[in-house]
1. Out of B:162, B:199, B:207, I need the residue that is under 19 Å from the mean Cα position of the chain (by Cα), at the interface with chain A (Cβ under 8 Å from one of its Cβ atoms) and surrounded by 19 or more Cβ atoms within 10 Å (Cβ to Cβ). Which one?
2. So residue A:138 passes all but one of these: (1) buried (at least 21 other Cβ atoms within 10 Å of the Cβ); (2) more than 9 Å from chain B (Cβ to nearest Cβ); (3) over 17 Å from residue A:15 (Cα atoms); (4) of a type outside the set (Phe, Trp, Tyr). Which condition number does it fail?
3. What is the residue count in segment A:71-117 for residues that are more than 19 Å from the chain's Cα centre (by Cα) and open to solvent by 10 Å² or more (accessible area, probe 1.4 Å)?
4. Inside segment B:165-183, can you point out the residues that are within 14 Å of chain A (Cβ to nearest Cβ), of a type outside the set (S, T, N, Q) and part of a helix (DSSP H, G or I)?
5. Tell me the residue from A:160, A:121 that is surrounded by fewer than 18 Cβ atoms within 10 Å (Cβ to Cβ), within 14 Å of chain B (Cβ to nearest Cβ) and free of Cβ contacts under 8 Å to residues at least 40 places away in the same chain, please.
6. Determine whether segment A:296-304 contains at least one residue that is crowded, with 21+ Cβ neighbours inside 10 Å and either in a helix (DSSP H, G or I) or of a type in the set (Phe, Trp, Tyr) (or both).
7. Looking only at segment B:277-310, which residues are open to solvent by 20 Å² or more (accessible area, probe 1.4 Å) and among the charged types (D, E, K, R)?
8. Looking at the structure I just gave you, is residue B:99 open to solvent by less than 20 Å² (accessible area, probe 1.4 Å), in contact with a Lys or Arg (Cβ under 9 Å, 6 or more places away or on another chain) and touching a residue at least 60 places away in the same chain (Cβ under 8 Å)?
Amino acid sequence: MLKLGPVEIAKYPFVEDASSYIRDIGITLEKLGTDPDLQIFIDMAMKRIRTAADGGVYESLPDMLDKRRMMFETLSFLVAVILLKLCGMQTLIRRFALAEARRAEKNLGVDLRIHPADKFELAKRLIGDLFSVNIEYINGDLSVPVQDYLTRAINFHEREWNLVNRRVSKGRVYLTRHETVRLLRTEISSYIQAKIRSAKMPTMQSGFEKPVTELIDLAKRFASETVIVSGEHPPCIKHAIEILERGENLPHSGRFMLATFLLNRGQSVEQIAPLFKNAPDYNERTTMYQLRNLSGESGGGTKYTCPSCEKIKSNDMCFANEKCDGIFTPLHFGRKK
Amino acid sequence: MDGKNSMNDQDVKLLERSFKRYYLSHLTEIPVPTDIAKREFGYKKFTGGMIRHMNVQDEKAMRLLLVENSPADVYCSNSYYLFPNMDMKKKDWQGADLIFDIDAKDLHLDCRYSHTCRVCGECKNVYKESSKCPQCNSIKHISSSWPCKNCINAAKKQVVKLVDILENDLGICADLIEIYFSGNEGFHVHVGKTEYNMLEPRARVALGDYIRFYNVMPETYGVRRSKIDRKKFPTEDDPGWHGRVAKKFFGKNAPRSTSNTEYVKIAEKLKNAQYTMGACIDMQVTGDIHRIFRMPGSLNSKSGLAKILCTDLAKFDPYQDACFIDCDLVKISAQCPIRFSLGGRTYGPYIKETKVEVERFAAVYMMCKGTAHAISS
């Protein structure tokens, strides 16, 4: 098992085992749930979960060299895991895992710099141990083995991730730091989710009851925001929704296709907007602005229609099945002939 | 061309006997696939039908299969399984060698028309310069191609490109790359156990796209619609496609302007480069991990030639080096409008049905291509 120092634990708290870490620093769950002096950790954990639920990424506390703050940082994550486990709401767990993956992505992006060497070595070991990817600097460039790249990049739909659009030499693919960590986002998120799911169920303490109820209410809010559409979606639309649900980047053409499809199926801008919350670059204002433009509510007043199957195909967003036979636009999917 | 459709009992007998004689006399020379017990085997008979999901425990069992069944074609999986003889879902996949198929027919060479004939689906008449059968007017036919030296040389060039990419870009050690003549119109390249063995089909397709230089973007080389990013321009010293593209399109010819027209021009050039720079491989083969692939050392029922290892690709002559069927004389009735060379001799053309006595390997070659039938002696 990878052993990290306090700074690294604060950056990558998901590597730690929640209950043993808390026990090791001399706090019991009972104390955490009852001691008013420790209430701050519960408040911080709740803030962390709320930020994640709203599609944001929890910002680290400033001055990370302060030992006390590092502990705060770590504990707030671990308490969040305990609360999530107690509330059992999968929507929140998924959103939390994705947000924490993005946070780890940011930190890894910094630590993967060639200097200082010790930080790079640690980030490399972390990635190697958790995800079995061997990262190396070769002639000053970051690289990963072709097979490790391929198994992950095939899930991305932008052409730039096609191996042919990468620098490849002697069995390695050369990437920027940002690209390297982006490659791992889904895995980090899955790792965190798995970690939460496999964690031992903590005992409910009196001090946890209120925040847990609050979390259940929060999750219900998301449930009511779910877009309900009658009838089966065509595979291209299903696929676009899946990408967004996984927190992956859906290219512009995919977002356009999804939004115009749903708008033309009678969904309102407000009903569709939450779908995009998981997009890595989600911005509520921009999303609403763009959706209103597409719906014709603003801009030139033109209501855009869904692109044709041919156009979707040329954008690599088509995943046709036998039910698509004979249709020219996703809007015709499922119509009886 | 699969000549088996037009075969009569005598044809089947002659072919089975000829193939069996080859297997008997070359049994010890046929290489044993690595991890033989973990591979799925299959074979076809001249009478039709495919038998697969077989496991072959060892060399002895493999030899027995070849001699006892007189197979027309023998196949062996590139995958390794825990239970190779079970149904596909229960086999328990353990990995698969990378395999590549290069076929002259996919190269769309100009010479192809000159050495392709048609076998009528109705009356079995063989004809060349006509869209329908001159004998019965049927348009149903099976094409039968007789690859020439030009075809083989063009396929060899693709193999050279492929091997260069495998070694230099993908870092595969030369010792692990085996080049085989397919036994008919091209070459099979097998890559032994490497880090790539666990790749799933979609990843294999992506790898294939890289090898074909397919779906490349001008942005990769610093050319955008709105601007030119000179820092991203490839140089000739760059490894992989960057270096190859630099040699072909950059340097003195590097784009200077930033217009949309320039972008479209470069995009078009790069798209066309897949046919000139990329290696033309069959993606169906490379992406398929459940395929059973022609076994090295076995005979190809489309020609009677062997799938054989090419140790010196440049010098390799399939019509000499892969022709192992006996050279005793047999009588056949041939209607073969194409002149061909095999085993150091030249045969045909036999425009009208002609009774001839030729070496067994030539008779088999013509029969496999549907242009000859056995005559009882």
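The values are calculated or read from the model by the stated rules, or taken from the named source; none is laboratory data. It should be emphasised that the depicted structure is a prediction, and the values quoted were computed from it without experimental measurement. Positions of Cβ are generated from backbone atoms using ideal geometry, with glycine treated the same way; all protein chains shown enter the neighbour counts. Just so you know, the surface numbers come from the protein's heavy atoms only, side chains and all, with ligands and any DNA or RNA stripped out. Shrake-Rupley method; radii C 1.70, N 1.55, O 1.52, S 1.80 Å.
1. Going through B:162, B:199, B:207 in turn, the sole match is B:207.
2. (1)
3. Residues in segment A:71-117 being more than 19 Å from the chain's Cα centre (by Cα) and open to solvent by 10 Å² or more (accessible area, probe 1.4 Å): 10 in total.
4. The answer is B:165, B:166, B:167, B:169, B:174, B:176.
5. Every option except A:160 fails the conditions.
6. First, the residues of segment A:296-304 that are crowded, with 21+ Cβ neighbours inside 10 Å: none.
No; the residues of segment A:296-304 include none that is crowded, with 21+ Cβ neighbours inside 10 Å and either in a helix (DSSP H, G or I) or of a type in the set (Phe, Trp, Tyr) (or both).
7. The answer is B:282, B:288, B:291, B:294, B:302.
8. Judged against the criteria, residue B:99 is a match.
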